[in-house]
Each structure stands twice: as structure tokens, then as C-alpha cells.
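The values are calculated or read from the model by the stated rules, or taken from the named source; none is laboratory data. Predicted, not measured: the structure shown is a model, and the values here were computed from it. Backbone-built Cβ (ideal geometry, glycine too); neighbour counts: all protein chains shown. For the accessible areas, the whole protein counts, side chains as well, though only heavy atoms, and no ligand, DNA or RNA atoms are used. Shrake-Rupley method; radii C 1.70, N 1.55, O 1.52, S 1.80 Å.
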Protein chains: 2
Amino acid sequence: MVTPRDFVCTTPFTFKSGQVLPGFTMRYETYGQLNRARDNAILICHALSGDHHCAGRHSAADRKPGWWDHLIGPGRAVDTDRFYVICANCLGGCSGTTGPSSIDPATGKSYGIAFPFVTINDMVRSQKRLLDHLGVDQLHAVIGGSMGGMQALLWAILYPNFVRRVLAMATTAREGAQAIAFNEVGRQAIMQDPAWEQGNYPADGGPRVGLAIARMMAHITYLSDASMERKFGRRKRVTTTTAHGENPYSFDIQFEVESYLRYQGQSFINRFDANSYLYITRALDHFDLAHAYGSLEQAFAPVQAETLVVGFTSDWLFPPEQNREIALTLLRAGKRASYAELATDRGHDSFLLESPDLYRIVRGFLEREHEFVLDFSI
Amino acid sequence: MVTPRDFVCTTPFTFKSGQVLPGFTMRYETYGQLNRARDNAILICHALSGDHHCAGRHSAADRKPGWWDHLIGPGRAVDTDRFYVICANCLGGCSGTTGPSSIDPATGKSYGIAFPFVTINDMVRSQKRLLDHLGVDQLHAVIGGSMGGMQALLWAILYPNFVRRVLAMATTAREGAQAIAFNEVGRQAIMQDPAWEQGNYPADGGPRVGLAIARMMAHITYLSDASMERKFGRRKRVTTTTAHGENPYSFDIQFEVESYLRYQGQSFINRFDANSYLYITRALDHFDLAHAYGSLEQAFAPVQAETLVVGFTSDWLFPPEQNREIALTLLRAGKRASYAELATDRGHDSFLLESPDLYRIVRGFLEREHEFVLDFSI
């Protein structure tokens, strides 16, 4: 069993935007024990819709374990018998860490869109305070996929002496035009929903329709054409009947894939805050290491960590090329980096799914010392 | 100058669903002249958001010509000095042909979603009535891209003695799971908009927000990652300023690509009916020639036309493989078919864009006699 805890930071936090919060709360979980040498800590960074609960169960009655439980645990690829694993809900999130749905002590109401703008940089610097609080003064590794991978890269840039290994998967050094475009459609679906009320919706209300639409669309970008064909194809699910029998022509659910997407949308609105969705997608949009540091080589100049980047062939949100470019640029900048490309048809979400190949790569990277390869052929 | 005309069909029309309309109006345009031998007619079939105005201008003041004007006209690849070209707004559409926004004579109000369900089959059979009315008893060619390509294929199946050539581009013989998924998100955006009012919105109202969201999302699927990078990249368009100057953190438009998408959404709602969008996307979803005829070979068994299929390398809505499969299956069924694959980074919309390679292929196909090649290398 694992129990989420809250780190309450009472030192003012200045966001990249210049805005300041007097402090913040960060919800996190830990697995395993920090050893005496304090050199076995691993930080896990979650993606857009993830949270701090990456492994284990909160109670025996839990239907599902944490979102990366097949990767993280006793004897697993990220072995909690050996490593002290930490995962925190990101700043701006809605699973216990301070974000737009938190109460602003100055007004007694939710911040809404008065919350400071959040960047990946802010997420990393706020996580650093948590690690300081936990007495962690170096990281064996930072691991993350998608937005978590962006954080992992930035960890190695902002705190080069702190991070020994970076494992970034299904990610990018620069959010591209198509990804921004999908984020913008999701935001418009939310902000144009009348229930958004300029961000000032009540805690029990909000733009549920818009958020569900945003999630349905985004979910398509996490899969692949091939995986959707395999899972659903054109299988029907006829729910409407007429006096003459089943009605094959209707705007109700007719195909399995429609039923699946509607379920994804509906379950998301019960666990995610619409304003957090706006903030975090904007944080993604603003992520561009080359622009922030002049060039990607310059961004990586301070890095001391050994980096492993993993791309997935069917990921069309952050395609293999964008992952490969990270490793190649690190190598050009004289850093220790390797790249593995996993052949899979499961799309962007591959990094979240069970994969013995991925386990083998992760375990090898965490356990080996100073060895690097560029491997395109797994 | 070209003038749209209305064909008023007063014979009852039975839809594939079994529903019947006492008649329908079909708006169309023609270019060039039907020759004495009546053997120079070409039918153009439009895509989801297209209409009958595929070439020329309605008046000298027109800002833009028809949507395929660079392909169709005097001396162009589809040479209207030589061919008699016909293009009609599809049944279920909203540009003059009878559809959900038309007045139901039985009630004096718009049909809304009481309109019969429309299939690609219905679109083709209703076009056939127009051609009969125009005295056209054979087609030199049927040409269409995307949904227009589906119609073109079905023309050759339903009226084998009528069609001598089929030119289908950026299309598929079977709407796949990912394409259905995107259509469903668009429909949900429309139907969950309170202004949809179960399809009974007034002519001057309707789910404008939902329709704009649907269009923004769909528009991304018509482009490609590479073309969006080239056109927009991460170029900023800062519209919000604070007392301290430009605000780089905002949910307003910040990137060019956002501005472009919002424009696409806004301009669409001024020319398209939301219920038509529901009907036509459903028609796409239901398109599956293999399922309708037992197998794709069996579907193509009656075909007598020579067929050219054109795929575009960066089209991820109806990818090259799906286009190639059409030509290969026609060949397996003993038909005359060829396939050309154009290397372009402009995505699905490539078929609508200027391309000397495409012009050369189209002209060659329309003017040659009984010659066929399988060409993957253009």
C-alpha cells in the first residue's frame, strides 16, 4: 500500500511569468527507501493527464494500481526494492497539488484563470523544492514520458549536478505546430462551453461537455491508426432499434470506437479540472528548448547526466524523429546519450503500456554505469 | 462566368435506408458544351465540405473562383474547351441541394434530423437523375477526391455501362476506425452544443460553436505535421499586452497556427449547416465497399471503367496504402486500373492544391485510350 502525502512549501514561488505565489502544496507518493548514501532516488514525471499515483495501490479495495505500476515496483524494471522512487502531481495540476482549482487564500475562492501561468520550467523548479524537503540531494535518474520527458530533460539542464541519468520517452524538445493545433482545439472546446464562465465555474460544475470533447480528440492522438483498426476496426454497436428492427442509420453510438471515445471523455471529466487542462496544454505549447536557450546544443551545454531517449515508431504526436533529435543533439554537444526506437503500432501511449522490450531497456539503463550506445534497431 | 442552376426532380427518391422523399432539388453547374456525340461529359464529385461551384466565377466581382478552378477550365487539365463538365452539390448538402436545412413541405419547417439518412450510394443515385435530365447517357470520366473519390468508385460499380473512366484521389474503399473517431468527435462537438436543440435550431442560429470546433479539428486532419511546420511552425502572434508590455502567457491567440485554425472554424460556420455536417460525416462512416458487396473484389466485379487512383504520401486521413489497395484490388479483379503516388508534404488536402504533377497525370488519363500502368515512382 502507498499513501499520498502533501508537501507544503511556505517559501514564495516565482513563476517563469514573473507571477508569485506565497507558497504551494505538492501531493506526492514515494516507493522504496532512500538508502544511507542517499544515492538511489528516482524521480518520475507524469504526462498531461497523469498524477502522483504512478505505482501501487492506496487500499486493497483499489480497482486499479498507479498508472505505471507495471514498470515500477518490487522487482520491476524500476525496482523499488533497490530504488527510492518519488512521483508528484505537477504544479498547476488538479490531483492535490496547487493549481487553478485550489482556493486562493486572498479571495477564499478558486484561482480559476487568475492562477499564474505555468511552464515546464515551473514544474521542475517546484519539484526541486519537494526533493530538498525529502532530503534528496542527488537523483540516480529522472524518468518521464511525453510531458514528463520534457521535465526530465529540463531537470538535467537546470540542475546538472543533481541528476545522474535522464530517461525521456515519447517526447520532444519543442512542441510543434500540429501539437499546438490539437491543444488549441481542446482549449477552444473548453473555453467556448458556456459552463466555463470565463474560468470561474463552481467546483461541482464547469465545462464538462467541452472537457470531454477535448479529451476525446486528444485521445485519438495518443493512439495510432493501426492500433485503432486492431482494437475497434469498424465493429458495430447498434443501440437504436425501430419498429422494423435495428436502425443502422443514427447519430447515436453505432461503432465500437465511438463508444470507447465517449467513455474516455466521460471518465476524464470526473477526475480532471478544465482550467488545469488549459494551463498544462499551454505549458506544453510554450516548451521549446532551442528557443529558450538560443539553440538545442546550447540548451544541453550544462548537462552532465547520461541520457537515454526512447522513441516509438507509431507515435505521431511526438514522432521518433523528434526523440532521435534529442539524443543526436546531446551527442553533438559532447554529452553521453543513447537512443532506442521501439517498433510498435500502439502510438504515443506506447510508453504507458506493457512492453518487455521497454522494461529491458529501462532496467539496463538504470543499472549500468557509464556506457552508451546509439541503438536504432531494437 | 458560370451560373448555378437547380434541377428539380419530382420523382420520389428512395434512400438506401428505405426512407423516401417525394422529390429533391439538386444545385449544379456545368462548364463547356456537350458535344454532338454526347461522349465528352465529365462529372466532378465534391468532398465533405465542398459544393457544386468547382470552377469559374459567378461574377467579375467574385473574390475567388470555384474550389478546383486551377484543375478545371479552358486549356486546363480537365479542359472545358474539350469536355462538358458537371458538378452538383450532394444530396444532404447545404449549398442548394435538398438536405436537412431544406424546408419539409409537409411541415413548412426545416427537416433537421428528420431528414432521411444519406449514404454515398444515395449521393450517386441522385446525381444519376441529374445526368439523365441533362441528356448525358455516358460519362467520359467521373473525378473526385476524398468523399468525391468514394462517389467516383461507386459510380463505376452502380452504373458500369455509363462510366468509361474513374479518377479517384486521396480516398478509401472503407472508412477506418481513426477517421470514424475524428468524425464522431466533430459530431459530439455539434450535438452537445446547447444551440443544436436536438437538430431543430432556427435557420439563423444553430450550434455555431460546436460546428467551428468540429471544423478546426477536422482541418488539422487535412494537413500534415510537415506542412503545418512549414506554414506556421511556432511563429507567435501576440495579441495581449499588459502594463509591462506583451504578455507571452495567455489563453488568447498566441501562435499563428491558432489564429489560422480559428479563422477556418469561423469562416466555415458562415457557409455550412451543422446538420448537414452530421449527415455527411455519417455517410462517410458507413462507406465500406467490401462490407456492402461481400468483398472488395466482388464490389469491383461489375466495373468496366478504366480507373486511375492517386494517393499522396503525406495524406494520413486516407493514406497512400488505402488508395493503392483500390487499384491493386481492381487489377486482381481483372480490371484496367493504375495507381500514382505523389510525393508531397501537404497532407490530405493535396488533391485540392496546385500541382503540375497532378495536372499532367489527370490530363494524360483523360486523353489517353486504353493504356494502363502501375506507377509508384512519380
Excluding ligands and nucleic acids, what accessible area in Å² is computed for residue A:113 using a 1.4 Å probe, to the nearest 10? 60 Å²
Working from Cα positions, state the angle (0 to 90°, nearest 10) between the long axis of helix A:120-133 and the longest principal axis of chain A. 60 degrees
When the convex hull of its Cα atoms is projected in every direction, mean area for the range A:101-175 (nm²): 6.2 nm²
In a GNM of chain B with a 10 Å cut-off on Cα contacts, which of B:181, B:340, B:327 has the highest mean-square fluctuation? B:181
State which entries of A:231/B:236; B:64/B:236; A:236/B:231; B:16/B:231; A:236/B:128 exceed 32 angstrom in Cα-Cα distance in the structure shown. A:231/B:236; A:236/B:231; B:16/B:231
Accessible area (Å², 1.4 Å probe, nearest 10) - residue B:95: 30 Å²
Please report, in cubic angstrom per residue, the volume enclosed by the convex hull of the alpha-carbon atoms of the range A:47-124. 132 Å³
Total charge of the residues flanking residue A:347 in space, meaning their Cβ is under 9 Å from its Cβ, with Lys and Arg +1 and Asp and Glu -1, is -3
For residue B:267, label point 7 Å along C-beta direction: distances to other copies, nm: 4.0
Starting from the residue with the highest accessible area, list A:187, B:368, B:125 in decreasing order, probe 1.4 Å. B:125, B:368, A:187
Judged on accessible area alone, 1.4 Å probe, highest first, A:306, A:256, A:321 line up as A:321, A:256, A:306
Which of these, B:138, B:254, B:304, has the largest mean-square fluctuation under a Gaussian network model of chain B (Cα springs below 10 Å)? B:254
Among beta bridges that DSSP assigns inside chain B, antiparallel share in %, nearest 5: 40 percent
Under 8 Å for C-alpha pairs, at least 6 residues apart: give me the relative contact order for chain A, rounded to a whole percent. 16 percent
Let me check I've understood the local charge: for residue B:271, count other residues with C-beta under 13 angstrom from its C-beta, Lys and Arg +1, Asp and Glu -1. What total comes out? +1
Sorting A:222, B:279 by accessible area (1.4 Å probe), largest first, what list results? A:222, B:279
Any idea how far the Cα center of the range B:292-327 sits from the one of the range A:269-283, in Å? 42 Å
Just to confirm the number: angle between the C-alpha axis of helix A:274-285 and the first principal axis of chain A, 0 to 90 degrees, nearest 10? 50 degrees
Net charge around residue B:13, counting only other residues with Cβ within less than 15 Å of its Cβ (Lys, Arg = +1; Asp, Glu = -1)? +1
Using the Cα atoms of the range A:180-281 to build a convex hull, what is its mean projected area in square nanometres? 8.0 nm²
Write out the cysteines belonging to the protein assembly as shown for which the nearest other cysteine Cβ is not under 4.7 Å, or none if no such cysteine exists. A:9, A:45, A:90, A:94, B:9, B:45, B:90, B:94
Here D for the protein assembly as shown, in µm²/s, from Stokes-Einstein with a Kirkwood Rh over Cα pairs at 20 °C and 1.002 mPa s, works out to 77 µm²/s
Distance from the Cα centre of the range B:64-126 to that of the range A:190-205, in angstrom? 39 Å
Chain B: radius of gyration over Cα atoms, expressed as a fraction of 2.2 N^0.38 Å: 1.00
Report the Rg/Rh value for the range A:250-378, based on alpha-carbon coordinates and the Kirkwood definition of Rh. 1.07
Roughly what angle does helix A:208-222 make with the longest principal axis of chain A, taking Cα atoms, 0 to 90 degrees, to the nearest 10? 60 degrees
Simple Cβ-charge dipole of chain A, Lys/Arg +1 and Asp/Glu -1, about Cα centre, in debye nearest 20: 460 debye
Among A:278, A:330, A:21, which one shows the highest mean-square fluctuation when chain A is modelled as a Gaussian network with alpha-carbon springs under 10 Å? A:21
